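Note sheet for the following structure.
The values are calculated or read from the model by the stated rules, or taken from the named source; none is laboratory data. Computed from a predicted structure; not experimentally measured. Heads up, the Cβs are rebuilt from the backbone with ideal geometry, glycines too, and the neighbour counts pull from every protein chain shown. What goes into the accessible areas is simple: the full protein's heavy atoms, side chains included, and nothing from ligands, DNA or RNA. Shrake-Rupley method; radii C 1.70, N 1.55, O 1.52, S 1.80 Å.
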Amino acid sequence: IFFQGFFTNILNPKAVMFFLALIPQFIKIDAGNIALQTTILGLIMMGSAFIVFTIFNAIVAKARGRIVGSVRRQKIQNRFFGALLTTTAFALATTNR
């Protein structure tokens, strides 16, 4: 699963465009080695994403046992997300351009 996620992120064109658009704004040409600055910024971004995803994963793993173990909660969840998607579809359908 780790390698699948790794390759999914590496080959994700949105992530590549995000880095190409965002990272150069924080590189200072006068400060020296551009490759080193890019590497450090990339590592900071990866580290912060790792921390956020680890916390999110822990929260979801804890909640999963409660949701999957209860048929009632699954029905509530299905109805909630069904209503959310229906509302979003209606809002998109009635939006004027």
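Quick notes on this structure:
- Only one entry of G47, G42, G5 meets the criterion of being modelled with pLDDT of 90 or more, under 17 Å from the mean Cα position of the chain (by Cα) and not aromatic (F, W, Y), and that entry is G47.
- Inter-residue pairs, beta-carbon under 6 Å, first among the aromatic types (F, W, Y) and in region 10-31, second open to solvent by less than 80 Å² (accessible area, probe 1.4 Å) and modelled with pLDDT of 85 or more, 6+ apart: F26/L41
- Long-range neighbours under 6 Å by Cβ, at least six apart or interchain, first residue under 21 Å from F18 (Cβ atoms) within region 37-66, second open to solvent by less than 90 Å² (accessible area, probe 1.4 Å) and of a type in the set (V, I, T): Q37/I27; L41/I23
- Helices (runs of 4 or more DSSP H) within the chain that include 1 or more residues surrounded by fewer than 10 Cβ atoms within 10 Å (Cβ to Cβ) and among the basic types (K, R): 13-22, 34-68, 71-93
- Residues of region 50-63 satisfying the condition of being over 19 Å from N9 (Cα atoms) and either modelled with pLDDT of 90 or more or not small (G, A, S) (or both): A58, I59, V60, K62
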